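Colleague: Here it is, the structure, as structure tokens.
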Amino acid sequence: MRITEIEPLPVRTGDSSIFLVVVHTDEGLHGLGEVGMRSRPETIHGALRDLGALLTGQNATRIDHLWQLMRRGGFFPAGSDVGAAVAAVDIALWDLRGKALGVPLYDLLGGRSRDYVPAYVHLLGRELPELVDNARELVEQGWHHLRIDLSDQLSGAFEPRRAVRRTLGLVWGLREALGDDVEFLVDVHTRLDPAEAVQFCREVEAARPYFVEDPLRAEAVDSYRTLRQRTGVPLAAGEQFTSKWEFRPLIEGELIEHARVDLANTGVTEGRKIAAMCEAHHIQVATHNPLGPVCTAASAHVNLSLPNVSLQEQARPRGWDGEDMILAGPRVGAGQVVPADLPGLGVEIDLRAARLAAQVDLRPPPRLRRDDGSFTNW
């Protein structure tokens, strides 16, 4: 089975954008992948053109070999945005393999370790009453792991100490309103420097968050060593990484409790290797997945096969029910994600409709500033 084309397909589905990648073969089968880093879409398009030239004519079943070729074939390692393009192709190759053999992806990865993947969703709202109402609604639907982000109250502005005070109040308000049976996850989204991160983690510790995610920027993971020494709160990080080499200091230093592997940034091939490294250090995999049905399905298949999984992120509590373009996909609800009982990823997309809905310009991410006008992380 030879690769004939790599087709980029950024589309809108419902109220969100997803960047699909379709790998076509000479046997008429196609595999689906999804890109995680989408804020520089022209970079991704260019990377996929380069990867298409590299892989056309290659044997689609040599998945690990092709990962090595894509990551290392340009001499300079393919990280960041290019790494996310590699990841999308890698996911599609695994989907192809499952379809060709007529088995679900988790069977190719060693079979099920569990019956379903535990999942969490995002709490919506800005102020405490809104958050409590949304939390109660989600709990009634069966969701018991809820995510809140560290945020400032001013639109477009972010002052760290003000945001720390505000978010501490929201976390304690939610804990008092909902009791001890609901787990809260706090996503700092890399917005704090070490001093504020230490302050927040130490003060939120008594509220027993399930974990605090990305308290520091990803560029200097050694800073996690300082933070780890000053707080006992569970830490999670890694969603911006594309390889085992980037995860390595956090894992080998045992600086986190949950590895935020995003398969749309690492691919299945590398994601499984990162998970194995985590297992040797008693670190759980908490897959990052605010994305579409392809990454959701890939994450669910990988998580079903792993022994060391805590949670999977699921931005949509009801999945993609009712969206005409998505013909089949993972089942989402009541704190669980289960892949469809179909070969490969178990995702079917109306490609003709997707091509009609294709868009080159994806919405850029929000951008925040400090009160003095300087740039800060979103």
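The values are calculated or read from the model by the stated rules, or taken from the named source; none is laboratory data. Note that this is a predicted model, so its numbers are computed, not measured. Here Cβ is always computed from backbone atoms with ideal geometry, including for glycine, and neighbour counts include all displayed protein chains. To get the accessible areas, we keep the full protein, side chains included, count just its heavy atoms, and leave off ligands, DNA and RNA. Shrake-Rupley method; radii C 1.70, N 1.55, O 1.52, S 1.80 Å.
Colleague: Please check which bits of region 34-48 a label hung off Q359 would reach, taking the label as a point 7 Å along Cα-to-C-beta and the cut-off as backbone N under 15 Å.
Modeller: Only 38-42 fall inside the zone, counting backbone N under 15 Å.
Colleague: I would also like to ask the following. I need the phi-derived Karplus couplings for region 133-143: 6.51 cos²θ - 1.76 cosθ + 1.60, θ = phi - 60°, integer Hz, Gly and Pro marked x.
Modeller: Residue by residue, region 133-143 yields 4, 5, 5, 5, 5, 5, 4, 4, 7, x, 8 Hz.
Colleague: At 0.36 nm per residue, and after removing the present C-alpha to C-alpha distance, how many nm does the segment from M277 to R217 gain when stretched out fully?
Modeller: 19.4 nm
Colleague: Tell me, in nm to one decimal, what length is gained between E254 and Q153 on full extension, where the rule is 0.36 nm per residue of separation less the Cα-Cα distance?
Modeller: The span from E254 to Q153 would gain 33.0 nm if fully extended.
Colleague: Further question on the same structure: Using the basic label-point model (7 angstrom from Cα toward the beta carbon), what is the A53 to L327 distance in nanometres?
Modeller: Using points 7 Å along Cα→Cβ, the separation is 3.3 nm.
Colleague: Modelled label-to-label distance, H65 and K244, 7 Å Cα→beta-carbon offset: nm?
Modeller: 1.9
Colleague: If I stretch the segment between R2 and D193 completely, what's the gain in nm (0.36 nm per residue apart, minus their alpha carbon distance), one decimal?
Modeller: 63.9 nm
Colleague: Which of the trypsin sites (Lys or Arg not before Pro) found in region 285-362 are loop residues per DSSP with 12 or fewer other Cβ atoms within 10 Å of their Cβ?
Modeller: R318
Colleague: Provide the packing ranking of 237-246, 170-179, i.e. peptides ordered by the mean count of other C-beta atoms within 10 Å per residue, highest first.
Modeller: So the peptides 237-246, 170-179, ranked by packing, come out 237-246, 170-179.
Colleague: Compute the accessible area per residue over the chain, keeping the other protein chains in place, probe 1.4 Å, unit Å².
Modeller: I get 41 Å² per residue for this part.
Colleague: If you don't mind, another one. Any chance you could give the angle, 0 to 90 degrees and rounded to 10, that helix 80-101 forms with the longest Cα principal axis of the chain?
Modeller: Helix 80-101 and the main axis of the chain meet at about 50 degrees.
Colleague: Right, something else. Summarise the accessible area of the chain (1.4 Å probe, protein heavy atoms) by the percent that is carbon and sulfur.
Modeller: 48
Colleague: Between R367 and V103, what's the calculated FRET efficiency when r is the beta-carbon distance and R0 is 35 Å? Round to 0.05.
Modeller: The value I calculate is 0.20.
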